[in-house]
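Just below is one structure, and these are the notes that go with it.
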Amino acid sequence: MAITKICCIGAGYVGGPTCSVIAMQCPHIKVTVVDISAQRISQWNSEKLPIYEPGLDDIVKKQRNVNLFFSTNIEESIQEADLIFISVNTPTMTFGVGKGRAVDLTYVENCARTIAQVSTNNKIVVEKSTVSVRAAENILKILNANDKPNVKFQVLSNPEFLSEGVAVENLLNPDRVIIGHEETADGLWAFKELSKVYLNWIPESKILKTNIWSSELTKLAANAFLADRISSINSISVICEAIGADVSEVAKGIGLDSRIGPKFLQASVGFGGSCFQKDLLNLVYICECLNLPQVAVYWQQVLDMNVYQKSRFSNKIIKSLCNTVTGKKITMFGFAFKKDTGDTRESPAIYVAKTLLDEGAKLNIYDPRVEPGQIKKDLTHLYVTDNPENVIKSIEIHDNPYKASHSTHAIIICTEWDKFVNLDYEEIYKHMIKPAFIFDGRKILNHKTLATIGFQVHTIGKR
Ligand code: NAD
Ligand code: UGA
């Protein structure tokens, strides 16, 4: 059997871009991305896609309705597919045992149940969502308990390693593709079938064959290592501020060691995004369940350092503005969790905004990509405020950085958008209340030039 029809359940940040790239690289395969959200599917079928990723629009427009389809007809798409990606969200549990820590696999389980119910021929089911360790066991249990004559299921683990903002680049040229399979002849066959899909554009040397449990753990471990590097450099930034060193210089010095390397050493206001925190919490929870308290404490520290960094930065803003921001107007440049995405999930900007709003500040917010409705939704969320009306009165969302900073006391850089580097800061300074402050939470601006203009400049990892 050669794979000719793929169904991907979940049309999100992973399912959408991944399947668009597969459709582009495999013109002989029909790829259908399905979702329970009719709104999301209609956005994928519209001129304005539900997510922003550089390069994605062109691919979707080229492949859509050729061999790439977005549909709400989940059952039909599962039925006709040879291979099914489960690419649904796996958030942190909000209730029950493991609340606030364990990963919620309800959506993955629902997919397995639907696949079991509607399948009428053999399927390869691929766990692409980031799951807990040994999650494939439960998927298999559900599938096998519903085994029908002539229907056999193989489960593979094929985690996704793309980063938002560079998703297309990552998918076209991944560092590696990991495929975990059952250690049986059928498992090996399924591995080969999925490999053949990737081999259309990815060299064989980049495809790593593992057992399912190694594959599942590799995904969690990779995110833990990446988050660890950020917390490590952020911890060094605290020391830099205390002794007068510059964390950028230290990072450069560390990164030149070829064993360490220069990437992921950018000290910041803290890491955000939908996955690092969720996956670390999950890893800590798994360690606790395995009765490995020392290991759990080790990884918990990575998260604790991130909370500390976000709160340190927010407190620095308040302290610098004469210990109070009540009634003061403050501009936030950037709301997305990183540049080149409109995604705000777990964005450090939300934490900074919450702290300032709690202290009575008024915020003017500008982000080149985040929709105003999303900013309002994030800042009026139950976890952020118990007084949403007051928040709405205290924020203004702008579509122009110059207007956003007009007559304000301070600018806070929360996202490292390239656009912020080349703004006319002399012009901006003229129209701000003096003394005018800049808090560069991403270390992207030229601080010397800003100081010459007259700004009071504060950043991370440097006095
Ligand atoms: P997302 O929330 O953007 O998308 C998930 C989609 O699944 C949603 O549109 C939701 O409506 C849909 N869905 C949920 N249950 C469904 C069901 N039963 N049937 C059909 N559709 C259903 O999530 P995402 O960011 O794409 O992440 C998906 C998974 O990939 C997560 O496990 C995440 O940890 C992992 N991951 C994410 C990234 C990333 O950059 N966002 C990178 C690597 C891995
Ligand atoms: C991250 C991983 O990089 C991906 O490999 C993984 O697939 C994905 O999580 C996932 O599992 O969801 P992503 O969250 O999209 O990707 O973006 P990153 O580039 O990793 O950035 C995460 C956060 O760390 C951002 O807030 C970013 O600004 C911050 N960061 C990153 C730093 O503060 N310093 C750095 O040096 C790098």
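Descriptive notes on the structure:
- Considering only the chain, percent of DSSP beta bridges that pair antiparallel, nearest 5: 5
- Cα gyration tensor, the range 240-300 - rounded (a/c under 1.5), prolate or oblate: prolate
- From helices alone, the chain scores -13500 deg cm²/dmol at 222 nm; the rule is -39500 (n - 2.57) for each run of n ≥ 4 DSSP H residues, then divide by the residue total.
- Taking 7 Å steps out from each Cα toward its Cβ at ASN387 and GLU76 produces label points 5.2 nm apart.
- Helix axis angle, 135-145 relative to the chain longest principal axis, alpha carbon, degrees: 30
- Cα lying deepest toward the dipole's positive end in the range 23-138, options GLN79, VAL108, VAL60, charges on Cβ: VAL108
- Low-density loop positions, trypsin sites (Lys or Arg not before Pro), the range 36-66 - DSSP coil, at most 15 other Cβ in 10 Å: LYS48
- Residue list for the range 173-207, given a label point 7 angstrom along the Cα-to-Cβ vector of LEU290 and an amide N cut-off under 18 Å: 180-181
- Cleavage-rule hits, GluC sites (Glu not before Pro), the range 157-192, DSSP coil, Cβ neighbours within 10 Å at most 10: GLU183
- Approximating the spin labels as points 7 Å out from Cα along Cα→Cβ, the GLU249-to-ILE433 distance works out to 3.6 nm.
- Projecting the Cα atoms of THR415, PHE225, PHE69 onto the charge dipole of the chain, computed from C-beta unit charges around the Cα centre, puts THR415 farthest toward the positive end.
- In order along the range 296-304, the Karplus-derived 3J(HN,Hα) couplings, from 6.51 cos²θ - 1.76 cosθ + 1.60 at θ = phi - 60°, round to 4, 4, 4, 6, 4, 4, 5, 6, 4 Hz, and Gly and Pro are given as x.
- Placing dummy labels 7 Å off each Cα toward the beta-carbon, the span from ALA451 to ASP358 is 3.2 nm.
- Counting only Cβ charges, +1 for Lys and Arg and -1 for Asp and Glu, the dipole size of the range 76-186 around its Cα centre is about 400 debye.
- Förster radius 60 Å - calculated FRET efficiency between GLN117 and SER258, Cβ distance, rounded to 0.05: 0.70
- Positive contributions from Lys and Arg (+1) and negative ones from Asp and Glu (-1), summed over other residues with Cβ under 10 Å from the Cβ of SER248, come out at +1.
- When both the range 88-106 and the range 223-279 are represented by their alpha-carbon centers, they are found 28 Å apart.
- Rounded to the nearest 20 debye, dipole of the range 222-305 from Cβ charges on Lys, Arg, Asp, Glu: 220
- Around the amide H of ILE397, modelled in the peptide plane, lie the amide H atoms of ILE365, all under 5 Å away and 5 or more residues distant in sequence or on another chain.
- Under 17 Å of direct C-alpha separation, and excluding same-chain neighbours fewer than eight residues apart, LYS219 reaches these aspartates and glutamates: ASP104, GLU127, GLU137, GLU160, GLU164, ASP175, ASP228, ASP279.
- Longest DSSP-loop-exposure-free segment, chymotrypsin sites (Phe, Trp or Tyr not before Pro), the chain, at most 13 other Cβ within 10 Å: 96-382
- For the range 101-117, Karplus couplings with θ = phi - 60° (6.51, -1.76, 1.60), whole Hz, Gly/Pro x: 9, 5, 7, 8, 9, 4, 5, 5, 4, 4, 5, 4, 5, 5, 4, 4, 5
- Contour minus Cα-Cα distance for VAL97 and ASN323 (0.36 nm per residue): 77.3 nm
- Using a cut-off of 26 Å between Cα atoms, the listed pairs LYS192/LYS338; LYS128/LYS443; LYS62/LYS263; LYS30/LYS61; LYS152/LYS278 include LYS192/LYS338; LYS128/LYS443; LYS62/LYS263; LYS152/LYS278 as exceeding that distance.
- Net dipole in debye of the chain [+1 Lys, Arg Cβ; -1 Asp, Glu Cβ; about Cα centre; nearest 20]: 740
- Beta bridges by DSSP in the range 67-174, antiparallel share as percent, to the nearest 5: 10
- Stretch gain in nm, segment SER311-ARG463, where the contour uses 0.36 nm per residue and the Cα spacing is subtracted: 53.0 nm
- Cα gyration tensor shape for the range 53-200, rounded if a/c is under 1.5, else prolate or oblate: rounded
- Between the beta carbons of LYS192 and ASN144, assuming R0 = 30 Å, the FRET efficiency works out to 0.90 to the nearest 0.05.
- If you sort the three axes of the alpha carbon gyration tensor as a ≥ b ≥ c, you get a/c of 1.5 or more for the chain and a/b above b/c, which makes it prolate.
- Full-extension gain in nm, SER232 to VAL166, via 0.36 nm per residue minus C-alpha separation: 21.4 nm
- Selection from CYS287, VAL384, GLY253, by position along the positive dipole direction of the chain (Cβ): GLY253
Just so you know, all these numbers are worked out from the coordinates, no wet-lab data involved. Computed from a predicted structure; not experimentally measured. A quick note on method: Cβ atoms are made from the backbone with ideal geometry, for glycine too, and the neighbour counts reach across all protein chains shown.
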